[in-house]
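Heads up, the thing below is written out as structure tokens.
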Amino acid sequence: MLMSESRAWAEVDLSLIAHNVEEVRKLIPKTSKIMGIVKANAYGHGDVECARALQECGVDFFGVSSVDEAVRLRENGIESRILILGYTPPCHFHLLSEHHLIQTLVNLAYARKLDAYGKDNNCTILAHAKADTGMNRIGVTLQDHEYHIEEILEMYAMRHVHVCGIFSHFSVSDSHTPDDLAFTKHQIELFDKVLEDIRKAGFDPGVTHLQNSYGILNYPQLQYDYVRPGLLYMGVTSDDEIKINTAPDFKPILSLKANVSMVKQIREGDTVSYGRHFKAKRATKVASVSIGYADGIPRLLSNQGLEVLVHGQRAKIIGNICMDQLMLDVTGIDDVKEGDVVVLIGEQGEERVSVDAMSRASHTINNETLTCIASRVPRIYKK
């Protein structure tokens, strides 16, 4: 891959991570630390590069989704603790011990498999128990209708699995409706009850963590050992129109850019792109841009009026977005030519276009938009 500004590329300013980490630290208790979530290639930003930058900020714990993501960090020199937040198949259990990784216990049956593996291979697997307090995804059910604390205690008593922590996950910490506020409050109460019951049984719960990004923003006062920011250290939230209870000064670290490949004039009544869904209402100057849905620009944005920047001015996407290209109406923008830089996320001149606008126009959240920036788009890192 050409790691250059040649067709379409993303620029990632790693120097801003330190600022964003400090903004998170301002919100949380001084006794809480940060677990940097770098899953999904750090939400498209570059897992190894972001992990290195986070380490320089004093972050000493990382979260990933899978064992291959964890091994990639290890192979690139990340020696801090790494928690695999998801499932690791038994055929890869050996990687957990070989690379000193911490595995999430998705349920009791899974923990028993890990314990049996440890016994058969004369090793101890590090793990965090997952408490399902209402997400109803992975984890031991610990809710009002089913409260299986005995399963958690069996995990802590295992001889070849060392449970060195426990966590849960908020479902609606981004919501301020009365019902959702009550639900989140009850999740906190359930998690605290689990910790109390573990201690009553004579076990040390180990490292405790509950807050995801919106848990940090809306419930910063909670006192657990770690918080789990993902998008926050990248300078964005899931949607900047979602109300939050705090006012951090985050700075986005990613910009997405591409080149103009050609400019042409079309007549009134001419159509643009597949399906002929855009018909010019006047003579129009059209710029073709070398980025498309195979690069991560949602096809759903076609003809939605989304604006990008050319020469520091706003231009609308017109016609259906193609696999490798999209078209802009640049009528009224002077001297647009081949090779000009188009900004799809970021700043140009005095104007700025946000990932939030792109996500809302495609009916999704920034988490998805950023992780969908394709691997064929080079990331160019600035420090």
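Here are the numbers:
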item	result
Residue satisfying all of: in segment 287-305; over 20 Å from residue 376 (Cβ atoms) and crowded, with 23+ Cβ neighbours inside 10 Å; farthest from the chain's Cα centre (by Cα) among these	287
Yes/no for residue 323 being part of a strand (DSSP E or B), farther than 25 Å from residue 25 by Cβ, touching a residue at least 24 places away in the same chain (Cβ under 8 Å) and not assigned by TED's automatic domain parsing to the domain that holds residue 61	no
Which numbered condition residue 127 misses (of (1) closer than 20 Å to residue 161 by Cα; (2) outside any strand (DSSP E or B))	(2)
Out of 179, 115, sole residue that is of a type in the set (Asp, Glu) and either touching a strand residue (DSSP E or B) at 6+ places or on another chain (Cβ under 6 Å) or within 22 Å of residue 229 (Cβ to Cβ) (or both)	115
Any hit, segment 113-131, residues being over 24 Å from residue 88 (Cβ atoms) and in contact (Cβ under 8 Å) with a residue 12 or more places away in the chain	no
Test result for residue 192, surrounded by fewer than 19 Cβ atoms within 10 Å (Cβ to Cβ), not aliphatic (A, V, I, L, M) and not assigned by TED's automatic domain parsing to the domain that holds residue 310	yes
Test: residue in segment 334-355 that is without any contact (Cβ under 8 Å) to a residue 24 or more places away in the chain and over 29 Å from residue 16 (Cβ atoms)	yes
Of all residues in segment 245-281 being within 37 Å of the chain's Cα centre (by Cα), free of Cβ contacts under 8 Å to residues at least 60 places away in the same chain and surrounded by fewer than 18 Cβ atoms within 10 Å (Cβ to Cβ), the one that is farthest from residue 376 (Cα to Cα)	245
Test: residue in segment 93-105 that is over 23 Å from residue 211 (Cβ atoms), surrounded by 17 or more Cβ atoms within 10 Å (Cβ to Cβ), touching a Ser or Thr at 6+ places or on another chain (Cβ under 9 Å) and not small (Gly, Ala, Ser)	yes
Set 346, 339: member being buried (at least 20 other Cβ atoms within 10 Å of the Cβ) and within 18 Å of residue 10 (Cα to Cα)	346
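Residue-by-condition table, conditions (1) among the acidic types (Asp, Glu); (2) assigned to a helix (DSSP H, G or I):
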residue	(1), (2)
174	yes, no
179	yes, yes
186	no, yes
195	no, yes
198	no, yes
208	no, no
217	no, yes
221	no, no
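Per-residue answers, yes or no, for (1) among the aromatic types (Phe, Trp, Tyr); (2) in contact with a helix residue (DSSP H, G or I) (Cβ under 7 Å, 6 or more places away or on another chain):
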site	(1), (2)
229	no, yes
233	yes, yes
238	no, yes
243	no, no
249	no, yes
255	no, no
261	no, no
266	no, no
273	no, no
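The values are calculated or read from the model by the stated rules, or taken from the named source; none is laboratory data. Being a predicted model, the structure only gives us computed values, none of them experimental. All Cβ positions, even for glycine, are placed from backbone atoms using ideal geometry, and neighbour counts span all protein chains on display.
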